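Please treat every number below as a calculation from the coordinates, not as lab data. Just so we're clear, the structure is a prediction, and the values are computed from it rather than from any experiment. Heads up, the Cβs are rebuilt from the backbone with ideal geometry, glycines too, and the neighbour counts pull from every protein chain shown.
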């Protein structure tokens, strides 16, 4: 495996993880949310993820697994791995209380309504816990970005871009409570950066554990699992959140735009 490919994949993963810091910066620099922009952005990210999952990842997974195992076994394993990814993402989400779930919609206007001092300790705990939870959520996403980039750089770029866009609102969900609790912009921003550490850690784990055994069979399994995870994120988190921020038509427009952009990008990248 070319070392330059490894560094490229790791760099993409780090950039995707650090995008949570963009959400923190937006919160610290602005005090109002452009609901329409957020709604379209979340829909766009969902469109990218859904298109990649069904058109690229699942298709590649099926080809690889059929080549290795034959028509029936390869197709069956593709389906099992895909729904396994869905189940895995659902289990992670199930373990996170909805109140502190980083994928619940958060608006920057929450900063205006910071609570009284006696509530600040609890709010700080919420912000820190949210950062930790996001890091855990980002762990498999980091693995997905890394493995995709190792296999096919253009696919890795697309996956990293989709994950980066959906990490920005997560940064907001960390920065809002920490800023309200501490009044410190530096601390709020620092915790958004910390929350993104799960991405490069996931990539590092993929490098240490998966790299020695990577072959077409393993790639096929991982692609199907990643597709399941991304589809779950899109339908359970991104699309509902995009509707919370604006009209459902805007979310749909963003969804279609995301699919169009990534379809064209994958052709020419």
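Results, tabulated for the structure shown:
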item: Chain lengthening between residue 87 and residue 69 when straightened (0.36 nm per residue, less Cα-Cα); result: 4.1 nm
item: Additional length obtainable on full extension of the chain from residue 208 to residue 76, 0.36 nm per residue less Cα span; result: 44.7 nm
item: Extended-chain gain in nm, criterion 0.36 nm per residue less alpha-carbon gap, residue 265 and residue 129; result: 45.3 nm
item: FRET efficiency for residue 236 and residue 5, using Cβ-Cβ distance with R0 set to 45 Å, rounded to 0.05; result: 0.90
